[in-house]
């Protein structure tokens, strides 16, 4: 069994629901009173959308149906009319989506930072690296395990960008791909006592389940920005354009931005996101 396949089996054995959520993306039928949201797993795994869904229904009358996948797959769902609205954190892919006319409107809603998570003893010396890109090189040269999402998600795309900054990804036996969401990949990295690139929110949400710690701070190359995108209904009769607009307005509203500002503080000890309040965060 190759490493890629082995990790898929391991993630399933850990009981992570990511694979189940991906499967629901193949069943997109919905009524007009329902809004189908394709969202990055890193937002879903924090529980934020579970908190916002009932409030959205009370405020708008729409029922929110959520499919959690990587940002790349979420954008493809929108292109195929399999989603009404998208939450993503893959800026280059989002720009291409909008440029191709698949999106009607794109708004920033929140941000946080990626980090490299690893064992507290940090055998590869990630903390001492001058940059996140240099840190990846240290991991490779040390022979330590590095767990990649390998799924074209926003997190995976950021990892690839960091490798480019590092001069190209090195090939070593410890580089493993899960093809899974962020929670599953963190659990695999924890099991292997390895490293992974993760958003801080998901790491915070799993802090009682993993021993991994954040080894990199807030640096420009690790800025992680979330946008809401309304799928363009032109030529897509299945798309609920009114429902998509209602959700995008909802998550951009002052009420929800205030909720985002404090989300996670009570449960996880610190807020998981910085609300955008209509402004792109500075690089």
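What are the residues in region 214-237 that are surrounded by fewer than 16 Cβ atoms within 10 Å (Cβ to Cβ) and at negative phi, if any?
Across region 214-237, the qualifying residues are 217, 218, 219, 220, 221, 234, 237.
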For this session: Taking residue 135 as the residue in question, decide whether it is buried (at least 19 other Cβ atoms within 10 Å of the Cβ), in contact (Cβ under 8 Å) with a residue 60 or more places away in the chain and more than 27 Å from residue 39 (Cβ to Cβ).
Result: yes
Problem set entry | Check on residue 261, part of a helix (DSSP H, G or I) and either in the same structural domain as residue 81 (by TED's automatic domain parsing) or without any contact (Cβ under 8 Å) to a residue 24 or more places away in the chain (or both) | yes
Problem set entry | Members of region 105-132 found to be in contact (Cβ under 8 Å) with a residue 12 or more places away in the chain, out of contact with any helix residue (DSSP H, G or I) (no Cβ under 7 Å at 6 or more places or on another chain) and over 17 Å from residue 197 (Cβ atoms), listed by number | 108, 120
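Determine whether residue 94 is surrounded by fewer than 17 Cβ atoms within 10 Å (Cβ to Cβ), out of contact with any helix residue (DSSP H, G or I) (no Cβ under 6 Å at 6 or more places or on another chain) and modelled with pLDDT of 95 or more.
No, not satisfied.
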Seminar exercise, completed: Log entry, pairs with first residue in region 230-246 being within 19 Å of residue 64 (Cβ to Cβ), second being at pLDDT below 95 and surrounded by fewer than 16 Cβ atoms within 10 Å (Cβ to Cβ), beta carbons closer than 9 Å, six or more apart or on different chains, reads 238/29; 240/31; 240/32; 240/33; 242/32; 243/32; 243/33
Problem set entry | Tabulated pairs, region 146-162, first on the phi > 0 side of the Ramachandran plot, second crowded, with 23+ Cβ neighbours inside 10 Å and not in a helix (DSSP H, G or I), C-beta under 7 angstrom, 6+ apart or interchain | 150/178; 152/70
Exercise. (1) part of a helix (DSSP H, G or I); (2) under 25 Å from residue 49 (Cβ atoms); (3) touching a strand residue (DSSP E or B) at 6+ places or on another chain (Cβ under 9 Å): which one isn't true of residue 135, the others all being true?
Worked result: (2)
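The values are calculated or read from the model by the stated rules, or taken from the named source; none is laboratory data. This is a predicted model, so every value here is computed, not measured. Cβ sites come from the backbone with ideal geometry, for glycine too, and all protein chains shown count toward neighbours.
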